[in-house]
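S.K.: Got a structure here, written out as structure tokens. Questions coming.
The values are calculated or read from the model by the stated rules, or taken from the named source; none is laboratory data. Predicted, not measured: the structure shown is a model, and the values here were computed from it. Every residue, glycine as well, gets a Cβ built from its backbone with ideal geometry; the counts of neighbours run over all protein chains shown. Surface accessibility is based on the protein's heavy atoms, side chains included, excluding ligands, DNA and RNA. Shrake-Rupley method; radii C 1.70, N 1.55, O 1.52, S 1.80 Å.
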Amino acid sequence: QVQLVESGGGLVQPGGSLRLSCAASGSIVSIYHMGWYRQGPGKQRELVADITNSRNTNYVDSVKGRFTISRDNAKNTVYLQMNSLKPEDTAVYYCNADLLVLTGGLPHRNNYWGQGTQVTVSS
């Protein structure tokens, strides 16, 4: 069974930093695309950043220059380094991945979500 497990959330003061991690486990053949989404109170879920298997990255305008997404293919892990955090960054952050997995011995491409990790930016 394939799982995405996030870690690294918490409470931080404005201007502080956090690093989120998301590790994929299970019968993974390869990883195509990985990304981080967030959903703030009363808001829709939005894409924060994503990274392709060739390490091309994309960011929502509100985090450009402050957040950095990276991946370690050997560890099937994606990271989100968040600096200069603002109260408006408060949200549940979700990891998302497009994976090629073995199901019944055959490869299938599926999309997976992590369970989410809370990030709260407050003084």
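S.K.: With the full set of protein chains in place, find how many percent of the accessible area of the chain is carbon and sulfur; take the probe as 1.4 Å. Please list the in-between numbers first.
M.R.: On the way: 2970 of 6370 Å².
Summing carbon and sulfur atoms, their accessible area is 47 percent of the total for the chain.
S.K.: Further question on the same structure: Can you tell which of LEU18, GLY114, THR90 lies farthest toward the positive end of the dipole of the chain, using +1 and -1 charges on the Cβ of basic and acidic side chains (Lys, Arg; Asp, Glu)?
M.R.: LEU18
S.K.: Something else about it: Please compute the Cα-Cα pair-distance distribution of the range 23-123 with 5 Å bins starting at 0, giving whole percents from short to long.
M.R.: Spelled out per bin, shortest first, that is 2, 12, 23, 23, 17, 11, 6, 3, 1, 0, 0.
S.K.: OK, next. If you put +1 on each Lys and Arg Cβ and -1 on each Asp and Glu Cβ, how big is the dipole of the range 1-96 around its Cα centre, in Debye rounded to 20? Don't skip to the end; give the middle numbers.
M.R.: Values: 10 positive and 7 negative charges, 19 e Å.
My answer is approximately 100 debye.
S.K.: Quick one: accessible area per residue over the chain, 1.4 Å probe, rounded to a whole number of Å²? Don't skip to the answer; put the middle values down first.
M.R.: Details: 6370 Å² over 123 residues.
So the chain comes to 52 Å² accessible per residue, rounded to a whole number.
S.K.: What residue among VAL48, VAL29, VAL101 has the largest mean-square fluctuation in a Gaussian network model of the chain, using Cα springs under 10 Å?
M.R.: Greatest mean-square fluctuation among the candidates belongs to VAL29.
S.K.: Provide the percentage of antiparallel DSSP beta bridges, counting only those with both residues in the chain; round to the nearest 5.
M.R.: Values: 46 of 49 bridges.
Around 95 percent of the beta bridges assigned by DSSP in the chain are antiparallel ones.
S.K.: In debye, nearest 20, what is the charge dipole magnitude of the range 40-123 about its Cα centre with +1 on Lys and Arg Cβ and -1 on Asp and Glu Cβ, if you could check?
M.R.: Working: 9 positive and 7 negative charges, 20 e Å.
About 100 debye.
S.K.: Which Cα, out of GLY65, LEU100, PRO41, lies furthest along the positive dipole direction of the chain (beta carbon charges, K/R +1, D/E -1)?
M.R.: Result: GLY65.
S.K.: Alpha carbon centre of the range 18-43 versus the range 55-98: separation in Å?
M.R.: 9 Å
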